[in-house]
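One structure below.
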Amino acid sequence: MSQQSTKHIFLVKPANFGFNNETVQSNAFQNTIKESNTSLNEVVLAEFNDFENTLISNGVNVIVFNDTSTPINPDAIFPNNWISLHEIGKVIIYPMLAPNRRTEVNEDFINQIATCFEIKELVDLRHYESQNRFLEGTGSIVFNHKAKIAYACLSERTDKKIFEEVCEILGYQPISFKSVDSNNNPIYHTNVMMCIGTKFATICLESIKDIPEKEKVISSLKKSGLAIVDIDYQQLKSFAGNMLELTNKDNNKIVALSQSAFNSLTITQKQVIENNAKLLPLKIPTIETIGGGSARCIIAEIFLEKK
């Protein structure tokens with residue numbers, strides 16, 4: 001039986017974090033903030049270090065790679081968009097929409113991971129970039145590993161055919177649908193509107209307007225035995241969908257989410273999740289405001305077998 005959550009993750013410490021003008025058109029979650037006396041780099045690194053240390057203190061095995069100073073990668077802190085690492089030994093590299101995000105792909109990181117974990121095959125899908133077709137890793141795909149089902153809300157960053165190709169490579173059933181925000185714009189990444197843990201699923205059901213598509217998603221989650229935590233648009237904007245279940249060294253489940261996401265959840269919603277896993281709020285207000293991604297986006301899971 002596959003595990004839904006892993007003990008091993010990697011993070012990328014940013015060298016040039018900033019507002020990305022090449023992604024803002026499709027990411028409504030990106031915002032500028034007022035200038036402060038403290039440099040943006042100092043603030044972001046403080047948030048990142050606290051994020052890392054909190055995960056480590058809660059028993060997660062964290063590997064940290066340093067982003068290179070050149071080329072400038074404003075979104076390097078979000079590595080889950082360019083890579084996924086699977087228990088069957090496959091590593092997949094994904095095609096990304098923004099040209100300045102494609103330089104985030106770092107073979108040195110993969111080689112370092114390969115010293116400790118078993119990589120059997122590297123699948124590189126970046127040839128689709130020349131066709132203007134994209135699939136941005138576990139931003140675009142939310143996996144139910146135990147049930148071998150994958151979910152994707154379609155957008156210009158999430159191509160249906162490439163999604164189905166990845167599912168065929170991994171042996172997963174694909175379920176795709178359309179999801180829109182409160183302004184009826186496509187939600188750029190699936191992991192913003194849904195999360196799947198071992199025994200729960202957090203999802204913004206009101207964002208799926210097509211009734212048959214919505215019913216199909218609900219049915220598949222229920223058949224997997226997952227308790228559904230339905231979040232609304234306001235909670236979506238607070239990144240309540242962008243959480244991730246992890247397993248710590250004591251084999252306990254924890255759920256990484258931002259402090260803003262945690263604050264947006266109701267007592268009842270928190271209870272449903274905490275019946276199965278400990279909620280771990282992380283303070284990353286600057287990262288999620290400027291970057292348009294939250295706790296889940298920062299984490300790249302390693303499901304590969306250890307050597």
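The values are calculated or read from the model by the stated rules, or taken from the named source; none is laboratory data. Keep in mind it's a predicted model, so treat the numbers as computed, not measured. Positions of Cβ are backbone-derived with ideal geometry, glycine not excepted, and every protein chain shown enters the neighbour counts.
Some notes on this structure:
- The residue that is farthest from K214 (Cα to Cα), among those in the range 111-156 that are β-branched (V, I, T) and in a strand (DSSP E or B), is V123.
- Qualifying residue in the range 32-51 (condition: closer than 30 Å to S2 by Cβ, touching a His at 6+ places or on another chain (Cβ under 9 Å) and at pLDDT 85 or above): no
- Scanning the range 255-283 for residues that are buried (at least 22 other Cβ atoms within 10 Å of the Cβ), in contact with a Gly (Cβ under 9 Å, 6 or more places away or on another chain) and within 19 Å of F51 (Cβ to Cβ) yields V255, A261.
- Top-ranked residue of the range 56-106 - restricted to ones that are acidic (D, E) and touching a strand residue (DSSP E or B) at 6+ places or on another chain (Cβ under 9 Å), ranked as nearest to P281 (Cα to Cα): D67
- Within the range 176-279, strands (runs of 3 or more DSSP E) holding 2 or more residues that are small (G, A, S): 253-258
- V64 falls short on exactly one of the conditions (1) surrounded by fewer than 16 Cβ atoms within 10 Å (Cβ to Cβ); (2) out of contact with any helix residue (DSSP H, G or I) (no Cβ under 7 Å at 6 or more places or on another chain); (3) farther than 23 Å from H127 by Cα; (4) at pLDDT 90 or above, and that condition is (2).
- Close pairs from the range 204-220: first within 18 Å of K237 (Cβ to Cβ), partner of a type in the set (S, T, N, Q) and outside any helix (DSSP H, G or I), Cβ under 6 Å, at least 6 apart: S207/S179; I208/S179
- Considering (1) surrounded by fewer than 17 Cβ atoms within 10 Å (Cβ to Cβ); (2) in contact with a Cys (Cβ under 9 Å, 6 or more places away or on another chain); (3) modelled with pLDDT under 95, the lone condition that Q173 does not fulfil carries the number (3).
- Among residues of the range 261-286, those that are under 15 Å from I196 (Cα atoms), within 20 Å of the chain's Cα centre (by Cα) and among the hydrophobic types (A, V, I, L, M, F, W, C), counted: 3
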